[in-house]
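One structure is given below, encoded as structure tokens.
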Amino acid sequence: MEEKIIDESKQGQSLTLEAKEGNKRKLYIESYGCQMNFSDSEIVASILTEQGFNTTQHLEEADLVLVNTCSIRDKAEQTVRKRLEKYNAVKKINPKMKVGVLGCMAERLKSKFLEEEKIVDMVVGPDAYKDIPNLLQEVEEGRDAVNVILSKEETYGDISPVRLGGNGVTAFVSITRGCDNMCTFCVVPFTRGRERSRDPQSIIQEVNELAEKGYKEITLLGQNVDSYLWYGGGLKKDFKNASEMQKATATNFAQLLDMVAMAQPKMRIRFSTSNPQDMTEDVLHAMAKHQNICNYIHLPVQSGSTRILKEMNRQHTREEYFQLIDKVREILPDCGISQDMIAGFPTETEEDHQDTLSLMEYVKYDFGFMFMYSERPGTLAERKLEDDIPEATKKRRLQEIITLQQKHSAYRTQQFVGQTVEVLIEKESKKSDQDWSGRTPQNTVVVFAKEHYKPGDFVMVKINDCTSTTLLGEALGYSENN
Ligand code: SAH
Ligand code: F3S
């Protein structure tokens with residue numbers, strides 16, 4: 001299992017839209033980093049379609065190149081810098097091409113980007129995408145254009161994103177933006193701003209539209225979905241005071257799940273990411289109540305040591321995390337659980353590291369995303385703590401974490417052998433054009449012979465064999481969900 005945020009094959013993928021007639025200009029847009037960036041690029045593409053742009057897969061013919069960037073680790077930023085070099089080479093052939101930087105690096109570096117990277121014409125932070133048409137105007141008039149203003153309200157709830165380059169089966173729907181948690185290692189609160197929740201009605205509307213278009217699974221996205229809270233709606237004059245109004249009109253995450261699950265009972269519902277400090281039992285009960293909410297929780301912990309968790313400003317102890325895991329297992333016995341882990345956070349001792357390994361041993365995660373600590377400018381950890389764990393030690397600890405995770409993943413997949421599971425077919429298997437690839441509700445990948453089935457079908461698959469990451473099986477027939 002490698003270090004990764006999402007499917008590595010998606011990193012840097014350029015997106016294609018159905019062409020809109022009459023649109024003359026060509027947009028090349030590619031994304032790095034988290035699912036939220038991929039989802040945001042769809043919003044940006046929708047905005048630009050209204051401005052006369054159609055997407056292209058060919059960098060050489062683009063009038064406008066946009067790169068949606070990630071700042072989470074230094075390596076992610078280096079990848080983007082390399083791409084800018086590539087654009088520079090292409091600009092020599094196509095001098096009219098304009099280049100815009102979107103996302104977290106844009107927010108972090110602001111106008112410094114224009115000085116550091118001469119190729120860049122436009123810098124747009126995650127809350128300023130609606131301003132792109134104006135910024136483009138400025139660029140066309142020969143001025144550099146920067147908008148990195150963060151918003152307390154913007155949720156893009158009114159923009160119905162055009163789905164790009166996807167499989168037509170699964171889609172992301174964002175429900176919150178920003179993060180208020182201030183984990184000391186993390187740059188996200190600085191680059192994506194304050195946390196805000198999107199109007200549940202606009203979420204339901206987007207989900208309904210996706211269902212109409214034939215989508216079968218949605219993932220509700222947020223940095224911290226459990227803190228979703230919408231308290232808009234309702235007329236103020238109908239309530240005696242503000243707290244009464246809030247109580248009467250508030251929708252929390254468990255309620256949102258309930259609403260979405262009932263709006264589309266045939267659709268699979270997933271969500272990401274959950275934060276242990278905010279996840280409530282209500283959410284687990286909503287999952288148990290609705291068969292279409294997948295029994296899978298991405299529950300990052302970052303470290304197994306209570307002392308390190310405190311240094312990271314994560315608001316729970318090792319023991320509280322165990323209690324939460326026990327609750328999950330009690331309410332949802334077959335729930336898949338995955339982790340994010342950071343190796344070599346400042347001051348991490350060998351004992352702290354052993355605590356991480358023993359926590360993993362307790363949970364036996366289905367899979368995980370594991371990283372070496374990367375110091376990020378401006379974060380509390382950067383300001384208060386020395387990045388004092390030698391690179392070699394970080395590497396060794398990360399390797400130990402990955403090796404243990406591989407063992408646990410193998411253990412988890414092995415449990416499925418002999419069972420029959422429901423799979424939603426997503427795409428052709430990477431390894432063979434004779435096979436389909438899909439996932440179980442627990443998010444484990446399943447590969448099986450195509451026969452007469454097609455992407456978007458729910459199929460019952462008998463699992464005959466497995467690797468540490470993939471289940472191998474044979475289709476028995478359509479599931480009743482089909
Ligand atoms: N709540 C977010 C977390 C975003 S960052 C979510 O939706 O997933 C994703 C993961 O990157 C974190 O969980 C953490 O494990 C890792 N990460 C964040 N900052 C990091 C840093 N400075 N160094 C190494 N890994 C980091
Ligand atoms: Fe980052 Fe912690 Fe929020 S990891 S995105 S500050 S929950």
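The values are calculated or read from the model by the stated rules, or taken from the named source; none is laboratory data. This structure is a prediction, so every number in the text was calculated from the model and none was measured. Glycine also receives a Cβ, built like all others from the backbone with ideal geometry; neighbour counts cover every protein chain displayed. Surface areas here come from the heavy atoms of the whole protein model, side chains and all, with no ligands, DNA or RNA. Shrake-Rupley method; radii C 1.70, N 1.55, O 1.52, S 1.80 Å.
Partners of Lys118 within straight-line reach, counting aspartates and glutamates whose Cα lies under 15 Å from its Cα and excluding those fewer than 8 residues away in the same chain: Glu85, Asp144.
Lysines near Lys130 by alpha-carbon distance under 20 Å, same-chain residues fewer than 8 away left out - which ones? Straight-distance partners of Lys130: Lys20, Lys26, Lys98, Lys110, Lys152.
Here the dipole of the stretch 294-369 is about 220 debye; that uses its Cα centre as origin and unit charges on the Cβ of Lys and Arg (positive) and Asp and Glu (negative).
For the stretch 420-478, with only Lys/Arg (+1) and Asp/Glu (-1) charged at the beta-carbon, what is the dipole magnitude about the Cα centre, in debye rounded to 20?
Roughly 120 debye, rounded to the nearest 20.
Just to be sure I follow the rule: in the stretch 349-482, considering lysines 8 or more places apart or on different chains, how many pairs have Cα atoms under 18 Å apart? Pairs that pass both the separation and distance tests number 9. Straightening the chain between Val417 and Lys310 buys 34.6 nm, computed as 0.36 nm per residue apart minus the Cα-Cα spacing.
Between Gln399 and Phe322, what FRET efficiency comes out of the Förster formula 1/(1 + (r/R0)^6) with R0 = 25 Å and r the beta carbon distance, rounded to 0.05?
For Phe322 and Gln399, the calculated efficiency is 0.50.
In the chain, the portion of solvent-accessible area held by carbon and sulfur atoms comes to 49 percent [1.4 Å probe, whole percent, DNA, RNA and ligands not counted].
I'd like to know which of Leu398, Gln35, Thr249 lies farthest towards the positive end of the charge dipole of the chain, counting +1 on Cβ of Lys and Arg and -1 on Cβ of Asp and Glu. Comparing the listed Cα positions along the dipole, Gln35 ranks first.
Compared with the alpha-carbon gap, the fully stretched path from Arg25 to Ala392 is longer by 127.2 nm at 0.36 nm per residue.
Around the Cα centre of the chain, unit charges on the Cβ atoms of Lys, Arg, Asp and Glu (plus for the first two, minus for the last two) sum to a dipole of about 500 debye. Positive-end ranking of Gly473, Met460, Gln442 along the dipole of the stretch 420-478, with charges on Cβ about the Cα centre, is headed by Gln442. With contributions of -39500 (n - 2.57) from each DSSP H run of at least four residues, the per-residue ellipticity at 222 nm computed over the chain stands at -10500 deg cm²/dmol. Placing a pseudo-label 7 Å from each Cα along the Cα-to-Cβ vector at Gln137 and Asn94 gives an inter-label distance of 2.6 nm. Modelled spin-label separation between Asp465 and Glu351, with each label point placed 7 Å from Cα along the Cα-to-Cβ direction: 4.7 nm. The overall shape of the stretch 420-478 is rounded: from the C-alpha gyration tensor, with semi-axes ordered a ≥ b ≥ c, the ratio a/c is less than 1.5.
Take the Cβ-Cβ distance between Glu116 and Asn482 as r, set R0 to 45 Å, and report the resulting FRET efficiency rounded to the nearest 0.05.
Details: r = 53 Å, r/R0 = 1.17.
Once the sixth-power term is evaluated, E becomes 0.30.
Just to confirm my understanding: which cysteines in the chain have no other cysteine beta carbon less than 4.7 Å from their beta carbon? Isolated Cys, the chain: Cys34, Cys70, Cys104, Cys179, Cys294, Cys335, Cys466. When Lys213, Lys91 are compared by accessible area at a 1.4 angstrom probe, the order from most to least is Lys213, Lys91. Keeping all protein chains in the complex and leaving out DNA, RNA and ligands, what accessible area do you get for His353 with a 1.4 Å probe, in Å² to the nearest 10? Answer for His353: close to 0 Å² accessible. Between Asp278 and His452, the simple label model (points 7 Å from Cα in the Cβ direction) yields a spacing of 4.7 nm.
In terms of accessible area, using a 1.4 Å probe and ignoring ligands and nucleic acids, Asp278, Asp74, Asp144, Asp127 rank largest first as Asp144, Asp74, Asp278, Asp127.
Ligands, DNA and RNA are left out, and with a 1.4 angstrom probe the accessible area of the chain is 44 Å² per residue.
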